[in-house]
Structure formats: structure tokens, C-alpha cells
Amino acid sequence: MSNDVKNLIQSGRTALGIELGSTRIKAVLIGEDYQSIASGSHDWENSYVNQIWTYSLEDIWKGVQDSYRKMAEDVKARYGVSLQTIGAIGFSGMMHGYMAFDKSGELLVPFRTWRNNITGQASKVLSDSFTFHIPQRWSIAHLYQAVLNGEEHVGRIDFLTTLAGYIHWKLTGRKVLGVGEASGMFPIDMHTKSYNAGMVESFNGLVASKGFTWKLEDILPQVLVAGEQAGALTEEGARLLDMTGELTAGIPFCPPEGDAGTGMVATNSVAQRTGNVSAGTSVFAMVVLEKDLSRPYEEIDLVTTPAGSPVAMAHSNNCSSDLNAWVGLFDEFAKVMGLSANPDMLYGTLYNLALQGDPDGGGLLAYCYLSGEHMTHFEEGRPLFTRTPGSNFNLANFMRVHLFTAMGALKIGMDLLLKQEAVKLDEILGHGGLFKTPVVGQKLMAGALDVPVSVMETAGEGGAWGIALLASYMNGKAEQETLDAFLSQKVFAGQAVSTIQPDPKDVEGFEVFMQRYIKGLAIERAAVEHLNESTIHRKEA
């Protein structure tokens with residue numbers, strides 16, 4: 001078997017996917033059976049600089065190179081060969097945000113990530129102008145807010161892209177995006193599979209008086225759909241990606257995609273009446289629509305699959321970060337007590353305790369808002385835990401309510417789709433860190449959404465595997481083969497799936513918790529208004 005894989009690697013019958021997530025960059029190399037044969041990862045964190053959530057270019061490339069290096073070392077350690085060629089490569093990253101470059105290719109302002117809720121004015125104006133909801137984190141909202149702010153750099157923009165689009169450009173020289181990623185920059189026309197021409201014209205009209213030398217269509221990346229070739233690795237790109245110099249140029253690239261699109265691919269959720277929920281640092285659910293929604297919703301984004309089909313996206317900025325911090329506190333306590341537990345045991349023990357809690361979490365209340373939360377209209381967040389004197393305060397309820405609140409903002413958006421719009425979902429597929437502990441996240445999510453939640457045995461592979469699949473699809477695409485058919489008939493045929501049906505007690509308990517959650521938003525608002533760095537850190541005399 002090892003020799004077979006060795007031959008695959010040496011002959012380039014492989015595909016590589018690299019995804020830049022919020023806290024981890026992962027590289028996955030797959031073979032002709034679409035299974036992972038090597039991987040590597042790099043941990044990183046965003047920085048909060050001058051009230052902007054950002055990652056530096058230095059950190060971006062350090063992370064990409066490190067994850068690639070570790071994957072290549074994994075290849076050498078397992079199969080005894082160096083990685084010199086690959087059948088196809090794809091990059092994916094956190095969607096949205098703002099990366100603006102001048103004619104010389106220099107970044108004009110630090111990368112503004114999806115996490116920044118600083119474009120409220122632009123979001124409203126554009127949503128009204130387009131009659132289409134433009135979320136604050138979308139690239140076009142960041143651009144128009146910079147216009148409204150009178151930022152000097154705007155007139156010098158030559159190219160505007162996303163994180164995945166930036167890396168793809170530097171490695172191939174092509175200024176392109178996959179349609180799913182592009183749909184998080186600017187609205188897509190479902191018929192042309194490109195930017196909505198009427199809305200582009202409307203935007204140009206909004207900024208006409210500013211006298212910019214560019215028009216919007218001049219600075220946005222070209223849109224491609226899954227299966228199309230998006231350029232090839234240049235000599236310069238090969239040296240940038242592989243610091244050892246062993247990787248050869250000329251390797252074809254698939255269109256760069258966003259983490260939402262790769263999540264759909266990795267869970268086989270690109271067909272109608274399917275959906276997936278990705279739960280990690282942020283949480284979002286993607287539901288492939290059978291028909292248009294009755295009206296725009298501020299809480300719902302309309303994006304596309306990597307093949308260009310319409311998708312409703314409910315997105316919450318905050319999910320597991322505060323939960324992870326609490327688990328870290330319990331880990332610290334254990335160490336002080338002279339105990340030790342590996343992360344899987346610690347998370348497994350605490351998460352499973354949540355299943356022993358009261359259905360509604362015992363009257364406890366928490367908010368996991370480490371950053372702002374657009375779903376509930378917060379520009380900033382304060383992680384918060386509170387309770388009444390009569391609440392049932394124990395560890396099981398404490399863990400249950402922190403898992404509940406990680407899904408709270410998402411629930412608000414999903415209720416609009418499932419209850420108000422009567423969107424039909426046969427099941428939703430879960431992936432991401434929240435589902436790593438078996439059963440717990442899956443069971444509670446089923447209760448939160450009142451929809452069966454399935455997890456595949458490949459759920460841990462995540463978006464890096466998803467973009468590797470898109471690279472493989474492009475490289476071996478048969479005439480007229482749809483992405484849905486490729487995934488269903490080739491990749492996921494015979495795949496083991498675990499499905500948990502909603503428990504009526506969990507459904508009822510979550511509804512009770514949500515009543516408390518919505519009423520308690522005033523407490524979170526007061527925390528934002530009255531608790532900041534200056535109130536908790538005394539200045540030295």
C-alpha cells in the first residue's frame with residue numbers, strides 16, 4: 001500500500017488543499033481515492049491592532065509555509081520520497097474582509113478580517129441601494145465604509161480581494177476567485193455566475209462624485225466556478241510556497257474558495273434541501289435553497305455554493321472561543337491540584353457533563369461575545385456569565401449553558417429560515433471543533449435547530465480536505481459532471497454517517513433558554529457600555 005501511495009506522489013496523481021482558518025492553517029494532500037495521505041498544520045491567532053482585528057502578511061506567509069513544510073515532511077516520513085510535484089492545488093480561507101492593494105502590489109492598509117463590525121453605515125446604505133442585504137463583514141461594505149470615512153488610500157486601490165484570493169494571486173499571478181468566495185465580496189447574479197451587473201452600476205453611481213480613477217469592476221477579482229482552471233504555480237510562487245525549493249512550477253490551481261464553500265464540499269452539502277453547520281471560532285449554517293426568500297433579511301446572507309447555486313447563510317461571529325477559555329480555566333485548576341488531563345479527555349468529560357444538565361440549563365445565562373455580534377446588533381462584545389440566586393448552579397448546567405450560548409445567535413438566524421420562510425431541510429451536517437467530542441455538540445445542535453444533525457467520519461478533515469476535493473474535481477472533471485454528482489457518486493459513496501434526531505426535551509429546553517437569552521441582551525449591552533479596558537486596568541501613578 002505504501003508503495004502504491006509512493007507512486008501516486010511521485011507521478012503527481014494527488015491534490016493539495018490548504019485552508020487558512022481563524023486559529024489554524026491546515027494542509028491536506030489527497031490521493032486518487034480522495035482520502036488524506038499526508039497533512040500538516042500551523043496554529044495562529046488574529047491580533048487586535050488600532051481597534052482592527054487583523055493578521056499580518058508576515059504571519060500569513062509564515063503560516064502557509066509552515067503548514068506546507070509539515071505536510072511535505074509528513075510525506076517524506078511516511079513514504080520516503082520528497083514532494084516535487086502535485087496534480088492540483090487549491091487554497092481556501094476565511095471569507096469576506098478587506099485586502100486592498102495598489103498598482104505595485106503593496107497592501108494599502110492592514111488586512112481587515114471578517115471579525116470587524118465597523119461598517120454599519122456602509123452596510124445600511126448599500127443594503128438600501130441594492131435592495132439586498134449586505135452584511136458588515138462583506139468586502140464591499142468595508143470598501144464603501146472606507147469611502148465614507150474619507151480614507152486616503154481608497155483612490156489608490158488597484159485590486160481588492162480576500163485572504164484566499166491574495167494567496168492565489170501571489171502563487172499564480174491570477175486575480176480570480178471561486179464564485180462561493182466571490183459571493184462574500186459582492187452579490188452574485190445566479191444566472192451569469194458573476195457579480196450582479198445592476199448592483200455594480202449602482203455602486204459606481206454612489207461613488208461617482210469622488211473622482212476615483214477606478215470603477216468597481218476594474219478592481220474586483222474575476223469570478224470562476226468549480227471545475228474551471230484558475231492558473232498554475234509560477235516559479236516565484238513555487239519558491240514562496242516551498243522554502244526548500246523542491247516543488248516544481250506549472251501545477252494547476254482550482255479557483256480559491258471561502259471556508260463556507262469548502263465546508264459545503266467537505267460535508268456533501270451542495271444539493272437542494274441539504275445544509276451544513278460549521279462550528280468553531282465562529283459558527284455558520286449554510287442551507288441550499290429550492291427558491292428565493294420572500295424578502296431580504298438583515299440576519300441572513302445570500303451566497304452561493306462553489307458551483308454557483310443559491311445558499312442562505314446564517315452566520316454568528318462568536319462560538320467556541322469563550323467556551324475554550326473556560327475549559328482552559330478548568331485545565332489550569334486541575335494542574336494546580338496536581339492532576340493532568342489531555343485535551344480530548346478534558347473536553348470529553350466536560351462536554352458530556354452538559355448532557356446531564358437541566359434541559360434549559362438550569363436558569364443560567366451566558367454570552368460568548370468575544371467580539372461584536374451582528375446577529376444581535378453588537379459592534380463589540382463582552383464574554384459574560386450570570387445567574388439568579390435561585391438558579392440551579394452546578395457544573396453540568398454551567399457546561400450546558402455555555403454550549404447553548406455558542407449556538408444562540410445562530411438560532412436566531414435559523415429560525416427566520418426554518419420557521420418564517422418555511423425552508424425545508426432533510427438534515428444538516430455538522431463539522432468543526434464543536435463536534436469533535438462525539439454526540440454532545442451534535443445532540444445539542446439538533447435540539448437547537450429542531451433538525452436531524454449528521455456527522456460523517458470525515459468531519460474532522462474540514463475545509464482543507466474540501467478545497468483539496470475541489471482541486472481534484474477540476475483536475476479530473478468529466479464533461480458535464482456536476483459537483484453534486486462528483487461528490488455523491490465518487491467521494492461520499494458508502495460513507496459512514498452518524499445521525500441524531502432532535503430530542504423533544506432538548507428542543508423545548510433550548511426554546512426556554514432562548515427566551516432568557518433574548519431578554520438578557522440588555523445585560524450584555526450594559527457590559528459593553530460600562531466595562532472596557534480602562535475600567536479594569538488601573539493606570540500606574
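General remarks:
- Subset of segment 62-81 that is in contact with a helix residue (DSSP H, G or I) (Cβ under 7 Å, 6 or more places away or on another chain) and open to solvent by less than 30 Å² (accessible area, probe 1.4 Å) - its residue that is farthest from Leu241 (Cα to Cα): Val81
- Residue in segment 87-96 that is in a loop (DSSP other than H, G, I, E, B) and surrounded by fewer than 19 Cβ atoms within 10 Å (Cβ to Cβ) present: no
- Enumeration of residues in segment 234-292 that are in contact with a strand residue (DSSP E or B) (Cβ under 8 Å, 6 or more places away or on another chain), over 16 Å from Pro310 (Cβ atoms) and free of Cβ contacts under 8 Å to residues at least 40 places away in the same chain: Ala249, Gly250
- For beta carbons closer than 6 Å, sequence separation of 6+ or different chains, a first residue in segment 357-368 that is more than 13 Å from Ile518 (Cα to Cα) and a second that is open to solvent by less than 10 Å² (accessible area, probe 1.4 Å) and in a loop (DSSP other than H, G, I, E, B), the qualifying pairs are Cys368/Asn318.
- Segment 215-269, residues that are among the acidic types (Asp, Glu) and surrounded by fewer than 17 Cβ atoms within 10 Å (Cβ to Cβ): Glu217, Asp218, Glu228, Glu235, Glu236, Glu246
- Residues of segment 187-224 that are among the charged types (D, E, K, R) and not in a helix (DSSP H, G or I): Asp189, Lys193, Lys215.
- Top-ranked residue of segment 309-362 - restricted to ones that are out of contact with any Cys (no Cβ under 8 Å at 6 or more places or on another chain) and charged (D, E, K, R), ranked as farthest from Thr274 (Cα to Cα): Lys335
- Hits in segment 123-137 (condition: in contact (Cβ under 8 Å) with a residue 60 or more places away in the chain, open to solvent by less than 20 Å² (accessible area, probe 1.4 Å) and within 17 Å of Gly180 (Cα to Cα)): Pro135, Arg137
- Any hit, segment 49-56, residues being hydroxyl-bearing (Ser, Thr, Tyr), within 19 Å of Pro252 (Cα to Cα), open to solvent by less than 30 Å² (accessible area, probe 1.4 Å) and touching a strand residue (DSSP E or B) at 6+ places or on another chain (Cβ under 8 Å): no
- Extreme residue, surrounded by the most Cβ atoms within 10 Å (Cβ to Cβ), among residues of segment 365-413 that are in a strand (DSSP E or B) and modelled with pLDDT under 95: Glu373
- Any hit, segment 144-161, residues being basic (Lys, Arg), outside any helix (DSSP H, G or I) and modelled with pLDDT of 95 or more: no
- Restricting attention to segment 141-185, the residues being closer than 24 Å to Asp128 by Cβ, open to solvent by less than 10 Å² (accessible area, probe 1.4 Å) and hydroxyl-bearing (Ser, Thr, Tyr) number 1.
- Of all the listed residues (Gly245, Gly227, Gly184), the sole one being in contact with a Lys or Arg (Cβ under 7 Å, 6 or more places away or on another chain), under 23 Å from Thr482 (Cα atoms) and assigned to a loop (DSSP other than H, G, I, E, B) is Gly227.
- Output for segment 299-324, where each listed residue is over 17 Å from Trp53 (Cβ atoms), open to solvent by 10 Å² or more (accessible area, probe 1.4 Å) and in contact with a Pro (Cβ under 8 Å, 6 or more places away or on another chain): Leu302
- Asp360 falls short on exactly one of the conditions (1) at pLDDT 95 or above; (2) within 17 Å of Met407 (Cα to Cα); (3) part of a helix (DSSP H, G or I), and that condition is (3).
- Each residue in segment 384-421 was checked for being under 16 Å from Gly280 (Cα atoms), touching a strand residue (DSSP E or B) at 6+ places or on another chain (Cβ under 7 Å) and of a type outside the set (Gly, Ala, Ser), and 4 pass.
- Of all residues making up segment 186-214, the number that are small (Gly, Ala, Ser), open to solvent by 50 Å² or more (accessible area, probe 1.4 Å) and in contact with a strand residue (DSSP E or B) (Cβ under 9 Å, 6 or more places away or on another chain): 1
- Residues of segment 422-434 classified as buried (at least 18 other Cβ atoms within 10 Å of the Cβ) and farther than 14 Å from Phe284 by Cβ, total: 3
- Those residues of segment 425-475 which are in contact with a Lys or Arg (Cβ under 7 Å, 6 or more places away or on another chain), part of a loop (DSSP other than H, G, I, E, B) and at pLDDT 90 or above, in sequence order: Leu425
- Every residue from segment 488-514 that is in contact with a Leu (Cβ under 9 Å, 6 or more places away or on another chain), open to solvent by 70 Å² or more (accessible area, probe 1.4 Å) and either part of a helix (DSSP H, G or I) or at pLDDT 95 or above (or both): none
- Residues that are open to solvent by 10 Å² or more (accessible area, probe 1.4 Å) and hydroxyl-bearing (Ser, Thr, Tyr), drawn from segment 97-122: Ser104
The values are calculated or read from the model by the stated rules, or taken from the named source; none is laboratory data. The structure displayed is predicted, hence computed values, not measured ones. Note that we place each Cβ from the backbone using ideal geometry, even for glycine, and neighbour counts take in every protein chain shown. With ligands, DNA and RNA removed, areas are computed over all heavy atoms of the protein, side chains included. Shrake-Rupley method; radii C 1.70, N 1.55, O 1.52, S 1.80 Å.
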